[in-house]
């Protein structure tokens with residue numbers, strides 16, 4: 001009887017152990033944890049990190065070894081050739097956050113591989129608050145990349161770029177804090193421009209030797225609504241920016257527009273009512289060597305720009 005009792009106890013013990021959960025020394029072997037490394041689990045729960053998704057380049061540090069034009073802004077083509085760009089597929093949204101209050105201005109660049117560029121660029125500051133919005137259209141994003149400065153005062157800001165094109169037309173974007181241009185952009189901001197009343201139009205032609213043009217728009221603290229166009233021939237828009245700014249004094253619009261070829265004209269349209277005038281400044285930025293100022297609207301080109 002003792003032998004039979006012992007056998008029954010052993011069978012019961014083995015049967016219980018058959019249904020007990022087995023300890024695993026490698027929790028990453030399952031499909032659920034296949035993307036978490038052993039080093040991440042060693043740090044403790046909630047600290048696992050993942051690498052960049054397949055086909056996506058890991059973001060690099062800020063680009064600093066790039067020449068600046070007379071406007072103080074880093075040259076768009078050199079940044080786009082040296083930076084790790086973020087691809088924004090058609091119909092998708094990409095955001096860049098700047099929580100620090102020390103970041104006062106951000107340079108935003110975007111281009112395509114020879115295709116049209118349609119995008120909505122927004123400044124977010126808190127939930128449901130977009131103090132600045134830009135609808136951007138460029139006929140060829142590789143010939144004329146988008147290059148603008150967005151002011152981000154008081155911290156907790158984010159830049160959002162939404163590609164409004166179909167899926168077949170992706171764009172590449174790069175956003176970087178650029179406090180180094182503070183003095184030069186301030187000099188641009190403090191220049192006396194031309195007053196454009198609500199509903200009025202201001203145009204400025206440029207010679208073929210002018211490679212890029214600086215556009216500065218501001219108000220006396222009122223909202224800013226404007227349409228910035230680059231034309232090359234009658235009714236031939238090469239680049240269009242539909243701009244809204246909640247406060248044109250605190251967040252002015254500063255952009256550098258590429259003007260390759262001949263017959264380039266920059267047109268500013270104040271789309272607000274007559275009660276909301278704006279101040280506009282349009283000047284050559286990068287010019288070919290030996291360039292001489294032409295009509296009165298171009299008399300602001302100085303020796304510094306000719307040397308560049």
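The stretch between residue 262 and residue 139, if pulled fully straight at 0.36 nm per residue, gains 42.7 nm over its current Cα-Cα span. Among 273, 245, sorting on how many other beta-carbon atoms sit within 10 Å of each Cβ, with the fewest leading, yields 273, 245.
Once both labels are positioned 7 Å from their Cα atoms along Cα-to-Cβ, the gap between residue 232 and residue 177 label points is 3.7 nm. Counting every other Cβ atom within 10 Å of each residue's Cβ, 134, 120 order from fewest to most as 120, 134. Running Debye on the range 107-183 with equal point scatterers at the Cα sites and no solvent, what base-10 log of I(q)/I(0) appears at q = 0.12, 0.22 Å⁻¹? The Debye formula, applied to the Cα set alone, gives -0.36, -1.00. Under a no-solvent Debye model with one identical scatterer per Cα of the range 76-307, what's log10 I(q)/I(0) at q = 0.09, 0.11 Å⁻¹? Per q value, in the given order, log10 I(q)/I(0) is -0.35, -0.53.
Where a number appears in this text, it was derived from the coordinates with a stated rule and is not lab data. Just so it is clear, the structure is predicted and the values come from calculations on it, not from any experiment. Note: ideal-geometry Cβ built from the backbone for every residue, glycine included; neighbour counts use all protein chains shown.
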